[in-house]
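So the structure is just underneath, and the comments pick up after that.
The values are calculated or read from the model by the stated rules, or taken from the named source; none is laboratory data. This is a predicted model, so every value here is computed, not measured. As a convention, Cβ positions derive from the backbone with ideal geometry for all residues, glycine included, and neighbour counts pool all protein chains shown.
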Amino acid sequence: MRLKPLPKVLLLFVGSVLLVGWGTAVALTTYRATANPAGSDSLYLPLVTKPGTPPPQIAGCDIFPGDHIWNTPIDKLPVHPNSANYINTIGASKGLHADFGSGVWPPGSNSPIGIPYIDVPGSQPLVPVTFFWWPEQSDDGPYPIPANAPIEGGPDSDGDRHVIVLDRGSCTLNEMYYAFPQGNGSWEAANGAVYNLNSYDLRPDGWTSADAAGLPILPGLVRYDEVASGKISHAIRFTAPQTQASHIWPARHDASSLTGANYPPMGLRLRLRADFDISTYPPEIQVILQAFKTYGIILADNGSAWYISGVPDERWNNDMLHEMDIITGADFEVVDVSSLMIDPGSGQAVQP
């Protein structure tokens with residue numbers, strides 16, 4: 001992918017600015033003019049990739065490289081031409097909801113609020129996993145899943161029952177959808193996916209994962225520790241009631257029969273508008289809202305409108321999280337991330 005061709009005179013001027021005004025930058029990054037392959041009397045400046053910012057970490061593992069699309073800022077990207085239609089379909093007047101917190105819901109249940117995960121050592125024993133709905137789109141076991149791995153919704157749940165296990169020895173992520181432990185230590189699940197967190201590899205196009213979009217779940221969860229640190233440096237997962245029978249990079253799968261152009265495709269990236277004032281919110285909420293502005297939110301599954309995913313944690317203040325409820329879909333805009341794609345089968349992204 002290349003930038004729009006520039007006239008030779010303008011290119012020479014830009015080159016001068018780079019050399020004189022950006023001397024430090026030139027020392028770090030090489031800019032090279034190449035001939036226009038179309039044969040016109042113009043030159044091109046190729047896109048330049050950089051390592052990206054330090055990626056988020058969990059249990060000593062990078063959660064994908066710093067220049068992975070999950071970890072790439074999108075605050076300077078153009079607004080998608082269909083932004084208003086997508087947002088109206090999801091619900092422009094519907095409020096945001098933090099689908100995570102402390103305690104359980106409903107009261108008296110054993111269902112923590114959010115999507116839990118567990119990290120295990122490299123010595124964690126591997127156990128057999130049987131997939132009963134989408135075995136052909138699942139990564140074969142065995143998986144390093146302990147018998148007491150937390151299940152989304154609790155052990156009695158009949159919901160999504162996601163199970164997420166991070167192997168901190170190999171920095172691999174193991175995720176299952178609708179998972180059930182068996183008496184012999186094995187597990188059964190609807191499907192499963194394994195990710196090498198040091199890699200840019202996406203799932204084969206058309207394959208689902210523990211998420212309907214064919215995306216990993218853990219990289220998109222809001223975690224208390226990162227909020228407490230003062231910064232979230234990745235996109236955040238959210239759901240919408242109706243989605244399109246289509247998916248866009250980096251998503252790999254869709255789960256709908258709706259073909260209307262107003263329905264949002266899986267993988268759609270949005271951001272909180274730059275002019276939205278976050279200064280009146282508590283500092284912890286400002287961290288989340290700033291992430292919405294800088295890294296955005298990504299459509300990963302069918303579900304309630306504007307439900308934001310996070311990890312259950314007894315340190316969350318639920319009343320504080322509910323202060324985000326007054327934020328509506330109209331406060332967001334859809335962005336076009338296509339200019340960041342280097343290869344459709346890779347999560348590596350051109351860096352701003």
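Across segment 69-95, the number of residues qualifying as of a type outside the set (S, T, N, Q), touching a residue at least 24 places away in the same chain (Cβ under 8 Å) and part of a helix (DSSP H, G or I) comes to 5.
Here's the yes/no breakdown for (1) part of a loop (DSSP other than H, G, I, E, B); (2) charged (D, E, K, R); (3) under 23 Å from residue 102 (Cα atoms); (4) in contact with a Lys or Arg (Cβ under 7 Å, 6 or more places away or on another chain):
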| site | (1), (2), (3), (4) |
| --- | --- |
| 260 | yes, no, no, no |
| 264 | yes, no, no, no |
| 275 | yes, yes, no, no |
| 290 | no, no, yes, no |
| 293 | no, yes, no, yes |
| 305 | yes, no, yes, yes |
| 309 | no, no, yes, yes |
| 314 | yes, yes, yes, no |
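Please tell me if residue 193 is among the small types (Gly, Ala, Ser) and assigned to a strand (DSSP E or B).
Details: among the small types (Gly, Ala, Ser): yes; assigned to a strand (DSSP E or B): yes.
Yes.
Just checking, does segment 189-206 include any residue being in contact with an Asp or Glu (Cβ under 9 Å, 6 or more places away or on another chain), under 25 Å from residue 343 (Cβ atoms) and among the acidic types (Asp, Glu)? Within segment 189-206, none of the residues are in contact with an Asp or Glu (Cβ under 9 Å, 6 or more places away or on another chain), under 25 Å from residue 343 (Cβ atoms) and among the acidic types (Asp, Glu).
You will find that of 279, 309, 257, the residue that is in contact with a Phe, Trp or Tyr (Cβ under 7 Å, 6 or more places away or on another chain), of a type outside the set (A, V, I, L, M), over 15 Å from residue 94 (Cβ atoms) and in the same structural domain as residue 118 (by TED's automatic domain parsing) is 309 and no other.
Here is a check on your reading of the model: is residue 103 of a type in the set (Gly, Ala, Ser), under 29 Å from residue 241 (Cα atoms), surrounded by fewer than 14 Cβ atoms within 10 Å (Cβ to Cβ) and in contact (Cβ under 8 Å) with a residue 24 or more places away in the chain?
Values: of a type in the set (Gly, Ala, Ser): yes; under 29 Å from residue 241 (Cα atoms): yes; surrounded by fewer than 14 Cβ atoms within 10 Å (Cβ to Cβ): yes; in contact (Cβ under 8 Å) with a residue 24 or more places away in the chain: yes.
Yes; evaluated as a whole, the condition is true for this residue.
Among the residues of segment 137-153, those that are surrounded by fewer than 19 Cβ atoms within 10 Å (Cβ to Cβ) and more than 24 Å from the chain's Cα centre (by Cα) comprise 142, 146, 147, 148. Here residue 349 meets each of (1) closer than 16 Å to residue 70 by Cα; (2) in the same structural domain as residue 85 (by TED's automatic domain parsing); (3) not charged (D, E, K, R) with one exception, condition (2). Within segment 37-52, take every residue that is surrounded by 15 or more Cβ atoms within 10 Å (Cβ to Cβ) and part of a loop (DSSP other than H, G, I, E, B) and give me the one that is modelled with the lowest pLDDT. Only one residue tops the list, namely 42.
Scan segment 106-134 for residues that are farther than 17 Å from residue 156 by Cα, under 24 Å from the mean Cα position of the chain (by Cα) and either not assigned by TED's automatic domain parsing to the domain that holds residue 253 or not in a loop (DSSP other than H, G, I, E, B) (or both) and the total you get is 3. The set of residues from segment 196-238 being outside any loop (DSSP other than H, G, I, E, B), touching a residue at least 40 places away in the same chain (Cβ under 8 Å) and under 22 Å from residue 138 (Cβ atoms) comprises 201, 218, 219, 220, 237.
Quick one: is residue 90 within 30 Å of residue 205 (Cβ to Cβ) and out of contact with any Cys (no Cβ under 7 Å at 6 or more places or on another chain)? Considered against the rule, which asks whether it is within 30 Å of residue 205 (Cβ to Cβ) and out of contact with any Cys (no Cβ under 7 Å at 6 or more places or on another chain), residue 90 comes out as yes. Would you be able to say whether some residue in segment 163-177 is over 21 Å from residue 121 (Cβ atoms), surrounded by fewer than 23 Cβ atoms within 10 Å (Cβ to Cβ) and over 16 Å from the mean Cα position of the chain (by Cα)? No, segment 163-177 contains no residue that is over 21 Å from residue 121 (Cβ atoms), surrounded by fewer than 23 Cβ atoms within 10 Å (Cβ to Cβ) and over 16 Å from the mean Cα position of the chain (by Cα). Counting the residues of segment 193-248 that are surrounded by 15 or more Cβ atoms within 10 Å (Cβ to Cβ) and either more than 19 Å from residue 90 (Cα to Cα) or under 15 Å from the mean Cα position of the chain (by Cα) (or both) gives 39.
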